[in-house]
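Let me begin by presenting the structure, written as structure tokens, before commenting on it.
None of the figures in this text is laboratory data; all of them are computed from the coordinates on show. Model, not experiment: these values are computed from the prediction. Virtual Cβ from ideal backbone geometry, glycine too; neighbours counted across all protein chains shown.
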Amino acid sequence: MENKIGKTALYIGVGWLVVIISMILYNVLPILTGTEVLLEIKPIDPRDLLRGDYVTLKYAVSQVYMRDKIGKDVIVVLKTDENNVAQIDYIEDFSSNVKGKLYLRGKVRKNGIKYGIESYFVKEKTGREIERKINSSSKSYARVKIASNGKAKVTGLELNKEFNK
């Protein structure tokens, strides 16, 4: 009887370990295997004292308004220019097959498409300065890694960046 309980406890422990490792890998996958692109940031002015120092990011590729698809998941296929700045190529339903393409998974909201990369935590006491730079007249970009499954993570910011054309 003790042997049976011990095996059951071992199986439960291994199962939980697999679940925890899977969750970690799912969130780290874009950083480890993703394709890096730059997404243009649009100005926004957030404040939230409970979340620490962070900036809220609004992207040029988020500013798509599809009233007929609010609440639905979509796939936003991207194309990059010579500076690796990504822009929308086209948008598909979530069930579409876009294998081999660079894309973001998003959810349509009434104020645009959300990708789950709209917040970026920064060093303490630097958030206001970063927001000031984002709100300046120069363009700013988020350095984003996108995994082959469309999940993305912000890995850095390029503030007041001008490219030679």
Problem set entry | Crossing angle, helix 2-33 versus the chain [Cα axis fit, 0-90 degrees, rounded to tens] | 10 degrees
For this session: Over the alpha-carbon set of the chain, work out the extent along each principal axis and list the three values in angstrom, largest first.
Result: 72, 42, 32
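So if I place +1 on the C-beta of Lys and Arg and -1 on the C-beta of Asp and Glu, and nothing else carries charge, what would the dipole magnitude of the chain be about its Cα centre? I want it in debye, nearest 20. Spell out each step's value before the answer.
Details: 29 positive and 19 negative charges, 54 e Å.
Its charge dipole is roughly 260 debye.
Would you calculate a helix-derived [θ] at 222 nm for the chain, using -39,500 (n - 2.57) for each DSSP H run of n ≥ 4 and dividing by the full residue count, to the nearest 500?
Numbers: 2 runs with 40 residues, N = 165.
Using -39500 (n - 2.57) per qualifying helix, the result is -8500 deg cm²/dmol.
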Problem set entry | For q = 0.13, 0.21, 0.29, 0.31 Å⁻¹, Debye-computed log10 I/I(0) when each Cα of the stretch 54-105 counts as one equal scatterer | -0.36, -0.86, -1.23, -1.29
For this session: Under 17 Å from a label point 7 Å along Cα→Cβ of D73: give me every residue in the stretch 1-26 with its amide N that close.
Result: 23, 26
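Regarding the stretch 82-165, what is the average projected area of its C-alpha convex hull, in nm²? Spell out each step's value before the answer.
Values: hull surface 28.5 nm².
Approximately 7.1 nm², given one-decimal rounding.
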For this session: Using Cα positions and a limit of under 12 Å, work out the aspartates and glutamates in reach of K69, with same-chain residues fewer than 8 apart set aside.
Result: E92, D93
